[in-house]
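K.L.:
One structure follows; several queries about it will come next.
The values are calculated or read from the model by the stated rules, or taken from the named source; none is laboratory data. Everything quoted here is computed from the prediction, not taken from an experiment. Glycine gets a Cβ as well: all are built from the backbone with ideal geometry, and neighbour counts include every protein chain shown. SASA here: full protein model, heavy atoms, side chains in, ligands and nucleic acids out. Shrake-Rupley method; radii C 1.70, N 1.55, O 1.52, S 1.80 Å.
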Amino acid sequence: MDISNTFDKYKLDRAKRVLHQTPMAIAVTVMNSLILVLLLIGSTPFIRLVIWLSAVLMINVIRIFGQYRMHKTAITPDNVNQHLKIFLVALTVSGAIWGSAGVYLLPASSIAHQVFIVLMLGGMVAGTVGLFSSVMAAFYCFTIPASLPVGIVFFLYGDSVHFAMGVMIFLFWVVMFVTAKKLNRELIEAISLKYENVGLIATLEKEVGVRKAAEEKLIQRNSEIESIVERRTAELINANKQLLREIEERKEAVNALKRSEQKYRELANSLPQIVFETDEAGNITFANRNAIRAFGYEASDLEKGINLYQLIIPSDREKMRENFQKNIQGIMKTGNEYTALRKDGSTFPVLSHADIVKKDVNKIGIIGIAIDLTDKINEERKQREMEAQLQRAQKMEALGTLAGGVAHDLNNILSGIVGYPDLLLMQLPQDSPFRKPVITMQDSGKKAAAIVQDLLTLTRRNVIVDKTVNLNDIINEYLGSLEFEKLISYHNSVKIRTRLEEGLLNIKGSPIHLLKTVMNLVSNAAEALPDGGDIIISTENRYLDQPLRGYDDVAQGDYAVMRVCDNGTGISPNDIGRIFEPFFTKKSMGKSGTGLGMTVVWGTVKDHNGYIDVKSAVNRGTEFTLFFPVTRAEIDLKEKEEGLTPFYGRGESVLIVDDVKSQIDIAYEMLEQLGYSVSSVTSGEEAIEFISDHKADLIVLDMIMQPGIDGLETYKRILKINPKQKAIIASGFAETIRVKSTMSLGAGAYIKKPYTLITLAKAVRAELDRV
């Protein structure tokens, strides 16, 4: 086949297709232009419509004239380019005129008319796809000048709606371009096939003559050929049936494999463990959702490629490489522990189990599961800490029992050693040389008796804690004692400061033993400052809404807290677990106490149902924190009643809002004693419901309530019901931003839990009296 001749035929055929579509295109153009002008009358100046419609009609008259010339002059390979150029120029002008409608006719004030113009232009562009896609130049010549101006105008408007419309015009043109390109390709293929078929027909016609010559011979062999054809046809039918069966079986196998893979992925994604697959190089080919989440990656990171070794800290990678090869070889089946590396650089421990994956007989990688050991390790650590605390308690109890028996016997022995010297001194003259030895013996006996008293304290059988006391009073009493003056005289470079909270809640306790506890803690702190330094004694009310883990685990509740800290030599980590054992000391025995001082502190705190926490760092200092359960009893009832008189209620109604029942009970009893009518609810939602149906002169509002809304949100909603609602805030937390926000809305005083009766009385009375 002549390639050049065939190309000319292709080009001529495509050009004829486009040129023959022109009458329809002209008719549609004229009709659409009339519709557009009629619709825009009243929203676009009439003169513009006349000018634009005249331009449309003029260019289409020219196109009709060109079409007429084309029919008069046959289109040949020699003149096809000329006809096509004239057609494309006219089409470009027509497209430009239609494009000008998106600028020249566009009404600025009517979105609906703007949208109609865009739709009209879109219809024209879409029509161009069907009419002119056989020649892509025709598509470009009309659609680009028709679409581009209105798109630019919309982008220039600057608002989001026109910008979105401009984007949609651009996307629509792209879609039309893709569609036109596809139709163009299909038309070219169809035309190519047409001319290939023409060539084949010519060849067949040529062969017909040859076959006619052999017709007689073929007729003679007709019966034989028919037999062969019948046999072959039967074979083909059977082969076709077998092929169809194999295709269906293959489809079913593929679908079954897909279903199986989907179930596997669903199962893997439902597991809480880390599930993964890799190829032979360690590149991850699958990871379940928990794996991606645990390592801090996104699914897109997996698509980019992640190697298994990236997920392990560098020091563990050689170990993993060895184990990976053993897995590939089918040698290793047991689990291995590694330190995993997240995307953000943080780490966590994992236990990994893996096995080889094979396809037919070929090794293609491994499949594995990894378990995050963080929770297990934390639980083991907590278990060890609890066991250590239990062992310390059991050890102290055993030592106390032993010390109690020894102290009982020593008391009997020391009675004579301490008592008889007094009788001897009464009988000896003042200048007797024996007076000094007797006095020395008596002093030694008194020191031994003091040790016995400490041992008795250790037994925790002789401490009576039924007296209402205040830690601030105990501390101030010690600071004014002779023992303190003596301590300061020995350690004159030590400075002692106090930070005692006003309104500290009372506790039930033994003043003597508490005084000795303060003395021992301050004495130990002073001895830890050989070169001088600072000791700070502080107290505070503290409410724990959940247990506090430390040297002791402190239970939930209200506490009066005493803290003694220094910036001295500190306690080593090896010794801090033994500091409360009897006679354990790093100081010289007999020169600096009895070795029972901290044991007495431990015993006293436990006798008061309290807790103790210790924090220390070598050469940085030590901090002892003692937690004592509070009592609402007052030290002097008469003084309390006289002090509360100005703050008694006058029958006003008070609503308590708190999620802890014990806190409600305490506040309820206090407010009733003060003469108020009290109600209570346990959540913010209940408080809102209560205020909707009842009146409360004042609300005592907790800030942190779980679950549900907190104090701030509760007060906001209550103010919508009663804008003048009075309230005070009671919370065990610090004065947070949410507390300040609540106060800025109109709430009154903020009182910190645990609070005293006088503190609550003053706050309630002040808010009720506030104008």
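K.L.:
Working carefully through the options I47, I35, find the one that is open to solvent by 50 Å² or more (accessible area, probe 1.4 Å), assigned to a helix (DSSP H, G or I), modelled with pLDDT of 80 or more and farther than 22 Å from V125 by Cα. Quick ask: steps written out before the conclusion?
P.N.:
On the way: I35 fails: farther than 22 Å from V125 by Cα.
Step by step, each of I47, I35 is checked, and only I47 is open to solvent by 50 Å² or more (accessible area, probe 1.4 Å), assigned to a helix (DSSP H, G or I), modelled with pLDDT of 80 or more and farther than 22 Å from V125 by Cα.
Listed here are the residues, each with its yes/no results for (1) touching a residue at least 40 places away in the same chain (Cβ under 8 Å); (2) over 26 Å from L49 (Cβ atoms); (3) out of contact with any His (no Cβ under 6 Å at 6 or more places or on another chain); (4) small (G, A, S).
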site	(1), (2), (3), (4)
A101	yes, no, yes, yes
A108	no, no, yes, yes
V118	yes, no, yes, no
I169	yes, no, yes, no
F177	no, yes, yes, no
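K.L.:
I've got another one for you. Find all pairs meeting these conditions: Cβ atoms under 7 angstrom apart; at least six residues apart or on different chains; first residue within segment 301-318 and within 16 Å of N336 (Cα to Cα); second residue in a helix (DSSP H, G or I) and of a type in the set (A, V, I, L, M).
P.N.:
Y309/M320; I312/M320
K.L.:
A further question on this structure: Among what's in segment 287-338 and is small (G, A, S) and surrounded by 20 or more Cβ atoms within 10 Å (Cβ to Cβ), pick the residue that is farthest from N269 (Cα to Cα). Working first, answer last.
P.N.:
Residues of segment 287-338 small (G, A, S): 287, 291, 294, 296, 299-300, 305, 315, 330, 335.
So of that shortlist, the ones also surrounded by 20 or more Cβ atoms within 10 Å (Cβ to Cβ) come out as 287, 291, 294.
Values: A287: 9, A291: 9, A294: 13 Å.
Filtering first and then ranking leaves A294.
K.L.:
Just one of (1) at pLDDT 85 or above; (2) assigned to a helix (DSSP H, G or I); (3) open to solvent by less than 50 Å² (accessible area, probe 1.4 Å) trips up I666, so point out which.
P.N.:
(1)
K.L.:
With the condition kept exactly as written, say whether any residue in segment 87-98 is on the phi < 0 side of the Ramachandran plot, assigned to a helix (DSSP H, G or I) and under 53 Å from the mean Cα position of the chain (by Cα). Working first, answer last.
P.N.:
Start the filter on segment 87-98 by keeping residues that are on the phi < 0 side of the Ramachandran plot, which leaves 87-98.
Next cut, assigned to a helix (DSSP H, G or I) only: 87-98.
Filter again for under 53 Å from the mean Cα position of the chain (by Cα), leaving none.
Within segment 87-98 (the criterion being on the phi < 0 side of the Ramachandran plot, assigned to a helix (DSSP H, G or I) and under 53 Å from the mean Cα position of the chain (by Cα)), the answer is no, since none of the residues qualifies.
K.L.:
Is there any pair with a first residue in segment 596-609 that is over 17 Å from G577 (Cβ atoms) and of a type in the set (D, E, K, R) and a second that is open to solvent by 10 Å² or more (accessible area, probe 1.4 Å) and part of a helix (DSSP H, G or I) whose Cβ atoms are under 9 Å apart and which are 6 or more apart or on different chains, and what are they?
P.N.:
D607/H513
K.L.:
Continuing with the same structure: I'd like to check something: does segment 235-243 contain any residue that is open to solvent by less than 60 Å² (accessible area, probe 1.4 Å) and under 27 Å from I369 (Cα atoms)?
P.N.:
No - not one qualifying residue is present in segment 235-243.
For (1) open to solvent by less than 10 Å² (accessible area, probe 1.4 Å); (2) on the phi < 0 side of the Ramachandran plot; (3) touching an Asp or Glu at 6+ places or on another chain (Cβ under 9 Å), each residue gets a yes or a no:
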| residue | (1), (2), (3) |
| --- | --- |
| I699 | yes, yes, no |
| P707 | no, yes, yes |
| I721 | no, yes, no |
| A727 | yes, yes, yes |
| K740 | no, yes, no |
| L745 | no, yes, no |
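Quick grid of which residues meet (1) open to solvent by less than 30 Å² (accessible area, probe 1.4 Å); (2) under 24 Å from M31 (Cα atoms):
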{"residue": "M136", "(1), (2)": "yes, no"}
{"residue": "M168", "(1), (2)": "no, no"}
{"residue": "M176", "(1), (2)": "yes, yes"}
{"residue": "K181", "(1), (2)": "no, no"}
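K.L.:
Can you find a residue in segment 428-435 that is at pLDDT 65 or above and touching a strand residue (DSSP E or B) at 6+ places or on another chain (Cβ under 7 Å)?
P.N.:
Within segment 428-435, the subset at pLDDT 65 or above is 428-435.
Next, only the ones that are touching a strand residue (DSSP E or B) at 6+ places or on another chain (Cβ under 7 Å) stay: none.
Among the residues of segment 428-435, not one is at pLDDT 65 or above and touching a strand residue (DSSP E or B) at 6+ places or on another chain (Cβ under 7 Å), which makes the answer no.
K.L.:
Looking at I507, I475 in this structure, which one is out of contact with any Gly (no Cβ under 7 Å at 6 or more places or on another chain), open to solvent by less than 30 Å² (accessible area, probe 1.4 Å), part of a strand (DSSP E or B) and of a type outside the set (G, A, S)? Don't jump to the end; show me each part of the working.
P.N.:
Details: I475 fails: part of a strand (DSSP E or B).
One residue alone meets the criteria, I507.
K.L.:
In segment 685-711, which residue that is assigned to a loop (DSSP other than H, G, I, E, B) and out of contact with any Gly (no Cβ under 8 Å at 6 or more places or on another chain) is farthest from D769 (Cα to Cα)? Break it down stepwise before answering.
P.N.:
Restricting attention to segment 685-711, the residues satisfying the condition of being assigned to a loop (DSSP other than H, G, I, E, B) are 694-697, 703-710.
From what is left, the residues that are out of contact with any Gly (no Cβ under 8 Å at 6 or more places or on another chain) are 694-697, 706-707.
Working: H694: 21, K695: 17, A696: 14, D697: 11, Q706: 31, P707: 33 Å.
Only one residue fits best here, namely P707.
K.L.:
Being at pLDDT 80 or above and not in a helix (DSSP H, G or I): is that true of P107 here? Talk me through it step by step, then tell me what you get.
P.N.:
Details: at pLDDT 80 or above: yes; not in a helix (DSSP H, G or I): yes.
For P107, the condition - at pLDDT 80 or above and not in a helix (DSSP H, G or I) - is met.
K.L.:
Which count do you get for residues in segment 269-297 that are of a type in the set (S, T, N, Q) and assigned to a helix (DSSP H, G or I)? Steps first, please.
P.N.:
Pass one, segment 269-297, residues of a type in the set (S, T, N, Q): 269-270, 273, 278, 283, 285, 288, 290.
From what is left, the residues that are assigned to a helix (DSSP H, G or I) are 269-270, 290.
Residues in segment 269-297 being of a type in the set (S, T, N, Q) and assigned to a helix (DSSP H, G or I): 3 in total.
K.L.:
Inside segment 670-684, can you point out the residues that are part of a loop (DSSP other than H, G, I, E, B) and polar (S, T, N, Q)? Spell out the reasoning first.
P.N.:
Of all residues in segment 670-684, those part of a loop (DSSP other than H, G, I, E, B) come to 674-676, 682-683.
Passing the criteria: T682, S683.
K.L.:
Failed condition for Y543, given (1) open to solvent by less than 20 Å² (accessible area, probe 1.4 Å); (2) outside any loop (DSSP other than H, G, I, E, B); (3) at pLDDT below 90, with all others met?
P.N.:
Only one criterion is unmet by Y543, namely (1).
K.L.:
Sticking with this structure for a sec: Keeping to segment 299-348, report how many residues are among the acidic types (D, E) and farther than 19 Å from V275 by Cα. Show your work before the answer.
P.N.:
Let us first name the residues in segment 299-348 that are among the acidic types (D, E), namely 301, 303, 316, 318, 322, 337, 344.
Within this subset, residues satisfying the condition of being farther than 19 Å from V275 by Cα are 316, 318, 322, 344.
So the answer is 4.
K.L.:
Which condition from (1) at pLDDT 80 or above; (2) within 24 Å of V93 (Cα to Cα); (3) in contact with a Phe, Trp or Tyr (Cβ under 8 Å, 6 or more places away or on another chain) is the one that M165 breaks?
P.N.:
(2)
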